Amino acid sequence: MTATTGERVEQGPSPAVSWPRRLAGISELWTFLVLAALVLFFSIAAPGKFFTTYDLTQIAVNAAIYLVLGVGMTYVVITAGIDLSIGSVLVLAAVAAGEYNIGHGGAAAGWGTVACCVLIALAVGAGWGALQGLLVATGKVPPLIVTLGGLGTALGLAELATGGQDPAGAAAANLQNTLGFGKLLGIPWLVVLAAGVTLVFGLVLGGTRFGTHTLALGSNPAAARRAGIRVGRHLVQVYALMGVLAGLGAVMWLASYGTTSIAGHATDNLKVITAVVLGGTSLFGGRGSVLGTVIGVFIPAVLTTGLIVIGVQQYWQDVAVGIVLVAAVYVDQLRRSARERS
Amino acid sequence: MSEPLLEARGVVKQFGQVQALQGADFTAFAGEVVALIGDNGAGKSTLVNVLSGVIAPDAGQLRLGGAPVRFAGPADARRHGVETVYQDLSMAPDLDAAANLYLGRELLRGGLLGRLGVLDRTAMRREAVKAFAELGVTLKEVTAPVATLSGGQRQSVAVARAVAFANRVIFMDEPTAALGVVQRARVLETVRRVAERGICVVLISHNMPEVLSVADRIEVLRLGRRVASFAAAGTTIEDLVGAMTGSLDQDRPAPDTGARNAEDLR
C-alpha cells in the first residue's frame with residue numbers, strides 16, 4: 001500500500017479486495033476445507049459405511065461436551081489466556097453434583113434433586129472459574145500457571161471428597177433418560193444443548209459489546225484499558241464463563257455416562273485447546289471465532305470415527321491431529337508476520 | 001486573553017526516588033494549538049498523563065473550564081471531553097476501524113437487543129466513515145482489521161477517534177513521529193482544523209520547526225517545571241532550545257524555590 005494518510009484512496013471495489021481474496025482471508029475457511037476433505041475421503045474410502053446416520057449421531061454425541069468446553073475456551077484463548085483446569089473443574093462439578101444426588105435419592109432421585117444437581121454443577125464451575133479469573137486479572141500470575149494450579153487443586157479436592165473412587169448413584173435415572181439418551185425430533189438432547197450453547201455464545205462473541213471487549217482486550221490490553229473497558233472485571237467474567245460451561249459439561253457427562261469418571265478427564269484440556277487452535281483462534285489473543293472451534297472439534301471426531309470405519313488403527317488420529325495442530329499455529333504465525341509487515 | 005480552558009497549578013508527581021514533576025504549571029486556552037516541549041526526562045509524558053487522567057498527581061490542582069476537576073481515570077477525563085491520541089495509537093489491531101473508533105463506547109441497537117448488548121454495526125460503520133471523511137480520509141475498507149492499514153491510515157483512525165468525541169481538549173503525543181512528509185502535513189492540517197472548532201489541541205513534539213509552524217503558543221518544561229511560555233509568532237528555534245536546556249530561564253524565579261503559581265505568568 002502506498003503511503004497515503006488522507007490521500008483519497010480510489011473508491012469502489014479494487015482488485016486487491018476481490019471476493020476470492022476476501023474468502024481466503026477468512027481463517028475458518030481453511031479449517032472447513034480440511035474438515036470437508038476428511039469427510040469426502042472417508043465417504044469414498046468406505047462407501048455406504050462412513051456417512052451413515054448412526055456415525056453422524058455418534059460423532060455429534062461424542063463431540064457435544066468438547067464443543068461446550070471449546071466455546072468457553074475460545075473466549076479464554078481470545079483474551080490471550082488459557083485454561084488447563086477444565087477437565088478437573090468438570091470432575092469437581094460432577095462430584096459435587098453427584099454427592100448431592102447420592103444424598104438425595106441416588107439413581108431414583110426426583111426432578112427437584114436433578115434441578116439442584118444441575119445448579120450445583122454450574123455454580124461450582126462458575127465459582128472456580130471466577131476465582132481463577134480473579135488471579136489472572138491481578139496480572140501477577142500468568143493464566144498458564146493459575147489454571148495449572150487449578151487443575152491439580154480441583155482434581156485433588158474431588159478425590160478427597162470421594163476417596164478417589166467414582167461413587168455409585170451419582171446420576172439420577174431421570175437425568176440420564178432425558179438429557180442423556182433422549183432425543184428431540186431424532187436429534188439427541190446432548191447435541192441440541194451443545195448446538196444451542198454454541199449458537200448463543202457464537203452470536204455473543206460476534207455481535208455484542210461483551211464479545212467486542214473480549215476481542216479488544218486480547219488484541220491490546222493497554223488500549224482496552226485506556227478505552228475505559230474494565231479489563232480485570234472482564235477477565236473474571238470470561239474465566240467464570242469457562243467455568244460455567246465446564247459445569248454444564250459435568251451435567252452432560254453425568255447424563256451421558258452416569259458416573260463422575262474422576263480419572264477420565266486428564267486430557268480434556270489438551271483436546272479442547274487443540275480444537276480451538278485448529279479452528280483458527282490465535283493463541284496470541286485478539287482473533288478467533290466460535291464457528292472455527294466447531295470445525296476444530298469435528299476434525300478429530302471425524303478422524304477417529306473415519307479411521308475405525310476404514311479399519312486403520314484409530315491411534316493414527318493422534319498423530320494426524322498433532323501434525324495438523326503444529327501446522328495450524330505455524331500458518332497463524334506466518335499470517336501475523338505478513339500482516340505486521342504490510 | 002480569556003480564562004484558560006485547562007489549567008494545572010503546582011503539580012507534583014514522584015515515582016519512587018524520582019521527582020518527575022516538581023510543581024509544574026500548564027495553561028491552555030480554547031481554540032488554540034499549544035505545544036508542550038521539553039528535553040527527555042523533563043516530565044512531558046508525566047504531565048500529559050496527569051492532565052489526561054491516566055495518573056493522579058501527588059499534589060497540585062487541575063482546573064477545567066475554570067472549575068477544579070479531579071479525573072478518576074482516562075475514561076473519566078473522556079467524559080469531561082478530554083481525549084488523548086497516544087504515541088502508540090492505542091488501538092486493537094485485530095478489530096476494524098469502526099470498532100476501534102467506538103472502542104469502549106459502542107453504539108447499541110434499540111430495545112431489547114440493545115439491553116442485551118447487541119451492537120449496531122451498521123450505525124457504527126456509517127458514523128465512522130463520516131468521521132474519517134471529515135478529516136479527509138477515505139479508508140478503502142472500514143471492515144478490515146486496523147493492523148492491515150498503513151501507518152498513516154492507522155494514525156488517521158486514532159486522530160479521528162479523538163476528534164469525534166473530544167469537545168474540549170485533545171492531547172496528541174508525537175502524532176507525526178512515525179509519518180512520512182505527506183502524511184505529516186496532513187495531520188498538522190487536521191490539528192489546525194480541530195483547533196478552529198474551538199477545541200484546544202495540546203501537541204507534544206520534539207520537532208521544533210513543526211512546533212513553530214503549527215502551534216499558537218509553546219510551553220516549555222524542564223526538570224519537572226514550566227520554565228517558559230512563548231507565543232509562536234516571533235519565537236525562534238534558538239529561544240526554544242535555550243529554554244529547554246536552561247540557558248534561558250524566563251518563567252522561573254530561582255532554581256531552588258519550591259512549587260510556584262501560574263499567576264506569576266500573567
Enumerated helices (runs of 4 or more DSSP H) restricted to segment B:62-136, each holding at least 1 residues that are polar (S, T, N, Q): B:97-101, B:121-134
Criterion violated by A:Phe284 - all others in (1) within 29 Å of A:Gly180 (Cα to Cα); (2) in contact with a helix residue (DSSP H, G or I) (Cβ under 8 Å, 6 or more places away or on another chain) satisfied: (1)
Output for segment A:211-236, where each listed residue is touching a residue at least 40 places away in the same chain (Cβ under 8 Å), surrounded by fewer than 24 Cβ atoms within 10 Å (Cβ to Cβ) and out of contact with any helix residue (DSSP H, G or I) (no Cβ under 7 Å at 6 or more places or on another chain): A:Arg233
Pairs with Cβ under 8 Å, 6+ apart, first in segment B:165-184 and under 20 Å from B:Val50 (Cα atoms), second basic (Lys, Arg): B:Phe165/B:Arg78; B:Phe165/B:Arg105
Test: residue in segment B:140-148 that is among the hydroxyl-bearing types (Ser, Thr, Tyr), within 11 Å of another protein chain (Cβ to nearest Cβ) and in contact (Cβ under 8 Å) with a residue 40 or more places away in the chain: yes
Single unsatisfied condition, B:Arg63 versus (1) more than 9 Å from every other protein chain (Cβ to nearest Cβ); (2) surrounded by 18 or more Cβ atoms within 10 Å (Cβ to Cβ); (3) of a type outside the set (A, V, I, L, M, F, W, C): (2)
Considering residues of segment B:154-203 that are of a type in the set (Lys, Arg) and more than 13 Å from chain A (Cβ to nearest Cβ) only, the residue farthest from the chain's Cα centre (by Cα): B:Arg197
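Yes/no per residue for (1) more than 19 Å from the chain's Cα centre (by Cα); (2) surrounded by 22 or more Cβ atoms within 10 Å (Cβ to Cβ); (3) within 14 Å of chain B (Cβ to nearest Cβ):
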site	(1), (2), (3)
A:Thr178	yes, no, no
A:Phe181	yes, no, no
A:Gly186	yes, no, no
A:Gly196	no, no, no
A:Arg209	yes, no, yes
Residue in segment B:72-92 that is surrounded by the fewest Cβ atoms within 10 Å (Cβ to Cβ), counting only those that are over 19 Å from B:Pro175 (Cβ atoms) and free of Cβ contacts under 8 Å to residues at least 24 places away in the same chain: B:Ala72
Residues within segment A:81-130 that are aliphatic (A, V, I, L, M) and over 25 Å from A:Ala275 (Cα atoms), tallied: 13
Qualifying residue in segment A:257-273 (condition: out of contact with any Phe, Trp or Tyr (no Cβ under 7 Å at 6 or more places or on another chain) and more than 30 Å from A:Gly169 (Cα to Cα)): yes
Filter result for A:Thr274 (away from chain B (no Cβ under 14 Å), assigned to a loop (DSSP other than H, G, I, E, B) and either touching a Lys or Arg at 6+ places or on another chain (Cβ under 9 Å) or buried (at least 20 other Cβ atoms within 10 Å of the Cβ) (or both)): no
Index of the failed condition, B:Ala42 passing every other in (1) hydrophobic (A, V, I, L, M, F, W, C); (2) part of a loop (DSSP other than H, G, I, E, B); (3) free of Cβ contacts under 8 Å to residues at least 40 places away in the same chain: (3)
Restricting segment B:130-175 to residues that are under 24 Å from B:Gly81 (Cα atoms) and at pLDDT below 80, the residue that is surrounded by the most Cβ atoms within 10 Å (Cβ to Cβ): B:Val137
So A:Gly202, is it surrounded by fewer than 22 Cβ atoms within 10 Å (Cβ to Cβ), among the small types (Gly, Ala, Ser), within 14 Å of chain B (Cβ to nearest Cβ) and touching a strand residue (DSSP E or B) at 6+ places or on another chain (Cβ under 7 Å): no
Options B:Leu107, B:Leu113: the member that is crowded, with 16+ Cβ neighbours inside 10 Å and not basic (Lys, Arg): B:Leu107
Residue check, B:Gly136 on the phi > 0 side of the Ramachandran plot and facing chain A (nearest Cβ under 9 Å): yes
Hey, B:Asp39 out of contact with any helix residue (DSSP H, G or I) (no Cβ under 8 Å at 6 or more places or on another chain) and away from chain A (no Cβ under 12 Å) or not: no
Test set (1) at pLDDT below 80; (2) more than 14 Å from every other protein chain (Cβ to nearest Cβ) - A:Ala36 fails condition number: (1)
Elements of type helices (runs of 4 or more DSSP H) contained in segment B:145-241, each with 3 or more residues being under 30 Å from B:Asp94 (Cα atoms) and among the small types (Gly, Ala, Ser): B:151-165
Meets criteria (in a strand (DSSP E or B) and at pLDDT 90 or above) for B:Leu36: yes
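The values are calculated or read from the model by the stated rules, or taken from the named source; none is laboratory data. This structure is a prediction, so every number in the text was calculated from the model and none was measured. Counting neighbours? That spans all protein chains shown, and the Cβs are built from the backbone with ideal geometry, glycine included.
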